[in-house]
Amino acid sequence: MGKKRIAAARTLTRRRFLKVGGAGLAGAALLGSGTLAACGGESGGGGSGELVFFTNPDTTGTMARLVERFNERGGEVRVVLREGNADTGQRFDQLRTQFQSGASEIDVILGDVIWTAQLAANGWISDLSDRFSESMPSDFLPGSVEAITYDGKAYGMPWFTDTGLLYYRTDLLEERGFSEPPESWDELKEMAERVTQDADVDFGFVFQGANYEGGVCNGLEFIWGHGGDALDPDDPTRVVVDSPEAVAGLAAERGMISDGIAPQSVATYTEDESAGSFLNGSAVFLRNWPYVYSLVGEEGESALETGQVGISELPSGEGGPGYGTVGDQPLYINASSEHQEAAWEFIRFLAESEQQKFQAIEGSFLPTLSTLYEDEEIRDSVPVVPLAQDALQNTRPRPVSPYYSDMSLEMAEQFNECLNGQVSPEEAAGNLQNAMESIIEQGENA
């Protein structure tokens, strides 16, 4: 069965879709200060009657409004919103510093999917497995459940999500007889070559290849799409990146540049550069996050209109849907919080259908509750929700390991050097195998 085409919507709200999830985790500019700032008119925090909610900067205002809505319900504990840095790495460092000092006053944490294993392995967040009913996990998207799971236990509550998508020029493909998006990377290359030969477009494909977390996401998507992985999903202490399948994935990514489908400069691209190249009409295909779709048709943001752009799942090596990187931002409870019951009540409240729907419509966040993807009000108000629905069924998390932060630095460097032709795919995979095995060994012997 062929890949289901996710056609472009006819209308789009004028509200800019925020760079949440993947775009944020991929290295947004630092907007927060190094000091945790209290919001909503509060200062300090951590008192006996306060539940401190640590988040990324709330530029939509939706988090503050949900906190206010929760507080209006009454109760002995009042939630105080605190914002950390926008960059996921900087925000994690803030959090880790507090945990290591033993002085953290934080109760509830808006996290990043890549934090789960490290926070759980260090005992910094609560095991919530016993709090989930048997039916609750099935209410959420499969990738979102995987994002809060470590060592077979649930350490968070799914809240909103993100994934890598393939954007394509429907008008240019249809003019050349292509009625469906590519199912394999080879098909993408063939289509790109056909279009760029006689259309006024510079590049066949653009993506995020720079030496940063977004480059890790892209590299892993090529590896997954060719049947490989970085760690054994059943044994996260076993590194498997030096496999023929992983090498084939890195070779396919490098081949986009060496075969002239993508420009060499893609090795320096982050979300903004790659999205800009596509939106100004310079590329046939783009890999990026859902927020980009909201920019299509926006004055000053895009030379393209919504009817010219389609979205689908990423291709794979052999054909059929590939795997997009899951960019979930789950909710955690500080294991040392004195307000465990109140914290659970709060994150249950945030994850309820009513609150997720509010987040989707008012802030354009992609929900994690499966049923909300059939909600007509959401589908009409936030067109990227139905467009991304199929792709969200094929997501995978980055390696689940308490040592991921160190592994990520190694992957970012080797993936980038491979793209630049400084090392071969075989060398990159071999270098990563050695480096990641060393990281695990050092961590377990510490």
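List every residue pair whose Cβ atoms sit under 8 Å apart, with the two residues 6 or more apart in sequence or on different chains, where the first one lies in the range 132-148 and is surrounded by fewer than 21 Cβ atoms within 10 Å (Cβ to Cβ) and of a type in the set (D, E, K, R) and the second, anywhere, is at pLDDT 85 or above and assigned to a helix (DSSP H, G or I).
ASP139/SER370; ASP139/THR371
Residue-wise test of (1) buried (at least 24 other Cβ atoms within 10 Å of the Cβ); (2) within 23 Å of the chain's Cα centre (by Cα); (3) over 27 Å from LEU295 (Cα atoms).
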| residue | (1), (2), (3) |
| --- | --- |
| ARG348 | no, yes, yes |
| GLY363 | no, yes, no |
| LEU366 | yes, yes, no |
| ASP375 | no, yes, no |
| ILE378 | no, yes, no |
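Which condition does VAL292 not pass, out of (1) closer than 23 Å to ARG398 by Cβ; (2) in contact (Cβ under 8 Å) with a residue 12 or more places away in the chain; (3) over 19 Å from the mean Cα position of the chain (by Cα), if it passes all the others?
Exception for VAL292: condition (3).
To keep it simple, each residue is scored yes or no on (1) in the same structural domain as GLY152 (by TED's automatic domain parsing); (2) free of Cβ contacts under 8 Å to residues at least 12 places away in the same chain; (3) within 24 Å of ASN420 (Cβ to Cβ); (4) assigned to a helix (DSSP H, G or I).
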site	(1), (2), (3), (4)
GLN197	no, yes, no, yes
CYS217	no, no, yes, yes
GLY227	no, no, no, no
PRO236	no, no, no, no
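Among (1) under 20 Å from the mean Cα position of the chain (by Cα); (2) among the aromatic types (Phe, Trp, Tyr); (3) more than 18 Å from GLU427 (Cα to Cα), where does PHE203 come up short?
Tallying (1) under 20 Å from the mean Cα position of the chain (by Cα); (2) among the aromatic types (Phe, Trp, Tyr); (3) more than 18 Å from GLU427 (Cα to Cα), PHE203 fails exactly one: (1).
Might you let me know whether the range 335-352 holds any residue that is outside the structural domain of PRO244 (by TED's automatic domain parsing), more than 25 Å from ALA120 (Cα to Cα) and assigned to a loop (DSSP other than H, G, I, E, B)?
Among the residues of the range 335-352, not one is outside the structural domain of PRO244 (by TED's automatic domain parsing), more than 25 Å from ALA120 (Cα to Cα) and assigned to a loop (DSSP other than H, G, I, E, B), which makes the answer no.
Would you check which residues across the range 369-413 are within 18 Å of PRO315 (Cα to Cα), in contact with a Ser or Thr (Cβ under 8 Å, 6 or more places away or on another chain) and part of a helix (DSSP H, G or I) and list them?
ALA388, ALA391, LEU392
Name every residue in the range 146-182 that is modelled with pLDDT of 90 or more, within 30 Å of LYS357 (Cα to Cα) and of a type in the set (A, V, I, L, M), in order of residue number.
Across the range 146-182, the qualifying residues are ILE148, ALA154, MET157, LEU165, LEU166.
Is it true that ALA154 is touching a Lys or Arg at 6+ places or on another chain (Cβ under 9 Å) and of a type in the set (A, V, I, L, M)?
So ALA154 fits the description; yes.
Filter the range 260-280 down to the residues that are farther than 22 Å from GLU180 by Cβ and outside any helix (DSSP H, G or I), then identify the one that is farthest from the chain's Cα centre (by Cα).
The qualifying residue farthest from the chain's Cα centre (by Cα) is GLY260.
From (1) surrounded by fewer than 19 Cβ atoms within 10 Å (Cβ to Cβ); (2) under 18 Å from the mean Cα position of the chain (by Cα), pick out the condition that doesn't hold for VAL385.
For VAL385, the exception is condition (1).
Quick one: in the range 268-320, of everything that is surrounded by fewer than 23 Cβ atoms within 10 Å (Cβ to Cβ) and among the hydrophobic types (A, V, I, L, M, F, W, C), which residue is farthest from LEU387 (Cα to Cα)?
ALA303
Filter the range 288-316 for residues that are in a strand (DSSP E or B) and in contact with a Leu (Cβ under 6 Å, 6 or more places away or on another chain) and give the result.
Correct list: ILE311, SER312.
Test each condition in (1) closer than 28 Å to PHE92 by Cβ; (2) surrounded by fewer than 17 Cβ atoms within 10 Å (Cβ to Cβ) for TYR332 and report the one that comes out false.
TYR332 satisfies every listed condition except (2).
The values are calculated or read from the model by the stated rules, or taken from the named source; none is laboratory data. Note that the structure is a prediction, hence the values are computed from the model and not measured. Cβ atoms come from the backbone with ideal geometry, glycine included; neighbour counts cover every protein chain shown.
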